Amino acid sequence: MHDNGTSSGPPGGQGSSGWVDFWNRPNAIYANQRNLEAHFACLQNDLDAYLPEGGTVLDFGCGDALAAEAMAKRCRNVWLYDAAPAVRQRLRERLSGHPGIRVLDDDDLTTLPTGSVDLVLAVSVLQYIPREELEAVLHRWRHLIGTRGRILIADVVEPDTPMLRDIASQLSMARRHGFLMAALMGLGRMALSDYRRIRREAGFSTYTPAELQARLSAAGLKGDRLAKNIGPTPHRHSFVARSHGEPTGAQAAGDPALKVQ
């Protein structure tokens with residue numbers, strides 16, 4: 001999530017252009033490189049059981065995607081999408097030689113065929129998608145996973161969550177990983193940045209678990225809430241969703257061992 005140093009990147013869309021601009025330029029979200037690495041190490045550990053062996057993963061709103069190479073050891077294809085051009089450029093410079101990783105732009109994303117993705121990852125993304133755009137995004141994801149794929153939505157923010165709770169999670173991670181002083185300084189930089197203004201003007205979408213499950217159902221998806229959030233922010237929520245049209249007897253959405261035949 002962006003507001004406490006656990007970013008996965010913005011989703012794009014006209015309503016979120018303020019966020020795209022924010023992530024497209026240098027910002028103070030991560031305290032330092034150790035913060036960035038610790039965040040993605042936590043994600044890598046939490047996501048490992050959900051990765052489809054030999055399958056295709058679309059990391060939607062991927063940010064710097066430091067776990068991409070580890071994911072590619074389990075998956076045949078790792079497709080990375082981020083709406084910010086500067087982020088995509090960094091990814092291409094770092095990962096262009098990897099045979100299993102592809103960085104997608106907006107045009108690439110729109111031309112992916114139905115059923116081409118075994119797992120859509122959307123980690124810390126929903127809060128940056130305007131509420132009125134979520135239905136279209138969910139329909140697009142359902143199109144990509146077809147009848148057998150999964151969507152893993154993580155780091156969903158509940159309404160009225162105090163920012164102090166997010167700050168406490170960030171500082172707790174900083175203590176565990178040895179960058180507490182840098183984290184405190186980073187919070188000071190954030191307080192002086194335009195983050196609060198952008199959050200106010202561009203919006204910050206929040207959902208109760210029941211509301212998100214209802215929104216998934218309206219888009220033709222069945223969403224099951226996970227017992228534990230993916231990533232280092234335990235008070236937020238994660239869900240695994242599948243198409244309502246999945247054949248009878250197919251693997252349950254709550255089972256993390258997503259195997260591809």
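The values are calculated or read from the model by the stated rules, or taken from the named source; none is laboratory data. This structure is a prediction, so every number in the text was calculated from the model and none was measured. Glycine also receives a Cβ, built like all others from the backbone with ideal geometry; neighbour counts cover every protein chain displayed. Note: accessible area is taken over every heavy atom of the protein model, side chains too, but ligands, DNA and RNA are not part of it. Shrake-Rupley method; radii C 1.70, N 1.55, O 1.52, S 1.80 Å.
Values for this structure:
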| item | result |
| --- | --- |
| Selection from the range 121-155 of residues that are among the small types (Gly, Ala, Ser) and either open to solvent by 10 Å² or more (accessible area, probe 1.4 Å) or at pLDDT 95 or above (or both) | ALA122, ALA136, GLY146, GLY149, ALA154 |
| Residue within the range 16-29 that is open to solvent by less than 40 Å² (accessible area, probe 1.4 Å), within 21 Å of LEU144 (Cβ to Cβ) and modelled with pLDDT under 80 present | yes |
| Set ASP160, ASP118: member being touching a strand residue (DSSP E or B) at 6+ places or on another chain (Cβ under 8 Å) and either open to solvent by 40 Å² or more (accessible area, probe 1.4 Å) or modelled with pLDDT under 95 (or both) | ASP118 |
| Candidates ASP46, ASP64, filtered to the one that is at negative phi, at pLDDT below 95 and open to solvent by less than 30 Å² (accessible area, probe 1.4 Å) | ASP46 |
| Which numbered condition ALA83 misses (of (1) out of contact with any Asp or Glu (no Cβ under 6 Å at 6 or more places or on another chain); (2) at pLDDT 95 or above) | (2) |
| Members of the range 67-85 found to be among the hydrophobic types (A, V, I, L, M, F, W, C) and either open to solvent by 30 Å² or more (accessible area, probe 1.4 Å) or within 12 Å of ILE101 (Cα to Cα) (or both), listed by number | ALA67, ALA68, ALA70, MET71, ALA72, CYS75, VAL78, TRP79, LEU80 |
